[in-house]
């Protein structure tokens, strides 16, 4: 993993990862075989060998057990991948001393979005080969657009914004814009770190996981299901493109202003 090159140009998220901030990689491993140890082993395996190489047989071998021993705790590969994502995303909901990215203790929706963005980026930098799973279709709510596997994260996002005064429609629009930006940027970034972002799990998800998941614990998701399921990709693309052009126009104006000031000084 690359490291910061100077004290004057240090990437705070990369520095945090390099200095060992817990992003699902430093927790104590349980001694016996259980679901947590299997998921931890899967994270380590994907980090070392990539998602495409992960099979139950290979994971079992890396843990020193037969593949059949894993099925007592993880029914199959789809459940294993769900658990891997839950494990890395859950670090955003765990408070550590001095942790500035604990998203449930924030000062308004803007602070929440800053914490969330940097927290997810640290996960991506620490586990670039795992991160593409976060951006795959959620197994229990395939109607969420853009796809995001962690339903707890979507629920937290919508709840925070509606508590901050956003209507359901505005919160869903914000979710779409924010997650499209974040996932798009970070998928490009992990590609530069060697991740194979095309190797996502099955696009339709796991029907068994959908059946078993109790969506009643995600009231914001259920309330906005119709809004989240709408495909507004074209309109959102146009809005994002217009915003980018506006930003570039400001950059041009600032550059011209700066050049003018230099000329006046000369």
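The values are calculated or read from the model by the stated rules, or taken from the named source; none is laboratory data. Predicted model only: the values in this text are computed from it and were never measured. Because the Cβ atoms are built from the backbone with ideal geometry, glycine has one as well, and the counts that use them run over all protein chains shown.
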Margin query: Can you find, within segment 27-53, the residue that is modelled with the highest pLDDT among those that are assigned to a loop (DSSP other than H, G, I, E, B) and under 20 Å from residue 125 (Cβ atoms)?
Written below: 50
Checklist line | Within segment 70-101, tally of residues that are closer than 18 Å to residue 161 by Cβ and more than 14 Å from the chain's Cα centre (by Cα) | finding: 0
Notebook entry, point to check: What is the number of the single condition among (1) farther than 28 Å from residue 172 by Cα; (2) surrounded by 10 or more Cβ atoms within 10 Å (Cβ to Cβ); (3) modelled with pLDDT under 75 that residue 205 does not meet?
Noted result: (1)
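For segment 183-201, how many residues are assigned to a loop (DSSP other than H, G, I, E, B) and either surrounded by 13 or more Cβ atoms within 10 Å (Cβ to Cβ) or modelled with pLDDT of 85 or more (or both)? Don't jump to the end; show me each part of the working.
The first filter runs over segment 183-201 and keeps only residues assigned to a loop (DSSP other than H, G, I, E, B), leaving 193-201.
Add one more test, that the residue is either surrounded by 13 or more Cβ atoms within 10 Å (Cβ to Cβ) or modelled with pLDDT of 85 or more (or both), and what stays is 193, 195-197, 199-201.
Total satisfying the criteria: 7.
Scan 139, 128, 132, 147 and give me the residue that is touching a helix residue (DSSP H, G or I) at 6+ places or on another chain (Cβ under 8 Å) and closer than 20 Å to residue 221 by Cβ.
139
In the list 156, 150, which residue meets the criterion of being out of contact with any strand residue (DSSP E or B) (no Cβ under 7 Å at 6 or more places or on another chain) and closer than 25 Å to residue 50 by Cβ?
Working: 156 fails: closer than 25 Å to residue 50 by Cβ.
Being out of contact with any strand residue (DSSP E or B) (no Cβ under 7 Å at 6 or more places or on another chain) and closer than 25 Å to residue 50 by Cβ holds for just one of 156, 150, which is 150.
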Check: Looking at segment 81-99, is at least one residue touching a helix residue (DSSP H, G or I) at 6+ places or on another chain (Cβ under 6 Å) and at pLDDT below 75?
Finding: no
Check: Can you list the helices (runs of 4 or more DSSP H) found entirely within segment 59-166 that contain at least 1 residues being crowded, with 18+ Cβ neighbours inside 10 Å and touching a residue at least 40 places away in the same chain (Cβ under 8 Å)?
Finding: 77-89, 109-126, 131-134, 151-163
Check: Restricted to segment 208-218, and to residues that are modelled with pLDDT of 70 or more and crowded, with 16+ Cβ neighbours inside 10 Å, which residue is farthest from residue 74 (Cα to Cα)?
Finding: 218
Item checked: Qualifying positions in segment 6-26 - touching a helix residue (DSSP H, G or I) at 6+ places or on another chain (Cβ under 7 Å) and at pLDDT below 75 -> 21, 22, 23, 24, 25
Notebook entry, point to check: Filtering segment 37-48 down to residues that are in contact with a helix residue (DSSP H, G or I) (Cβ under 8 Å, 6 or more places away or on another chain) and either without any contact (Cβ under 8 Å) to a residue 40 or more places away in the chain or farther than 16 Å from residue 79 by Cβ (or both), which residue is surrounded by the fewest Cβ atoms within 10 Å (Cβ to Cβ)?
Noted result: 37
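Going through segment 223-242 one residue at a time, which ones are modelled with pLDDT of 85 or more, more than 17 Å from residue 142 (Cβ to Cβ) and surrounded by 12 or more Cβ atoms within 10 Å (Cβ to Cβ)? Walk me through it before giving the result.
As a first pass, look at segment 223-242 and keep what is modelled with pLDDT of 85 or more: 223-230, 238, 242.
With the extra rule that they be more than 17 Å from residue 142 (Cβ to Cβ), the set shrinks to 223, 238, 242.
Answer for segment 223-242, where residues must be modelled with pLDDT of 85 or more, more than 17 Å from residue 142 (Cβ to Cβ) and surrounded by 12 or more Cβ atoms within 10 Å (Cβ to Cβ): just 223.
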